[in-house]
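All remarks here apply to the structure that follows.
The values are calculated or read from the model by the stated rules, or taken from the named source; none is laboratory data. A quick note: this is a predicted structure, and the numbers were derived from the prediction, not measured. Ideal geometry is used to build each Cβ from the backbone, glycine not excepted, and the neighbour counts take in all protein chains shown. SASA here: full protein model, heavy atoms, side chains in, ligands and nucleic acids out. Shrake-Rupley method; radii C 1.70, N 1.55, O 1.52, S 1.80 Å.
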Amino acid sequence: MTPSKAAFLALGICLVPAAALAQQSPAREALKRSCTGDYMEFCSEHAPGGPEVEACFKANLKKLSPACTAAITAYKQEQRTTRRVSEAR
């Protein structure tokens, strides 16, 4: 597996809660696509899947690319909407 492909897969695991891994969504795909470079540049020293990666992204929020920042915002909004729908049931 190439390093970039491994990083792409790691990003998908590290930025998304385990419960969401079973679900494919446009926002999750955009998150992986838009933030892989930022993960490699700022947070790759952290093992994927841990809270350290999320903390790293928060600490580097002002340094993240505009595309990654937008993807994170869209993903968080999707998660809030999904939670509200689940709670309404």
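Structural remarks
- Some residue of the stretch 61-69 being surrounded by 14 or more Cβ atoms within 10 Å (Cβ to Cβ) and either modelled with pLDDT under 70 or not in a helix (DSSP H, G or I) (or both): yes
- For the stretch 70-89, a residue qualifies if it is basic (Lys, Arg) and either closer than 18 Å to residue 32 by Cβ or open to solvent by less than 70 Å² (accessible area, probe 1.4 Å) (or both), and exactly one does: 76.
- For the stretch 55-66, the criterion of being more than 22 Å from residue 25 (Cβ to Cβ) and small (Gly, Ala, Ser) is met by at least one residue.
- In the condition set (1) part of a helix (DSSP H, G or I); (2) at pLDDT below 70, residue 41 is compliant with all but (2).
- The stretch 48-58, subset more than 17 Å from residue 74 (Cβ to Cβ) and either charged (D, E, K, R) or touching a residue at least 12 places away in the same chain (Cβ under 8 Å) (or both), residue most open to solvent (accessible area, probe 1.4 Å): 52
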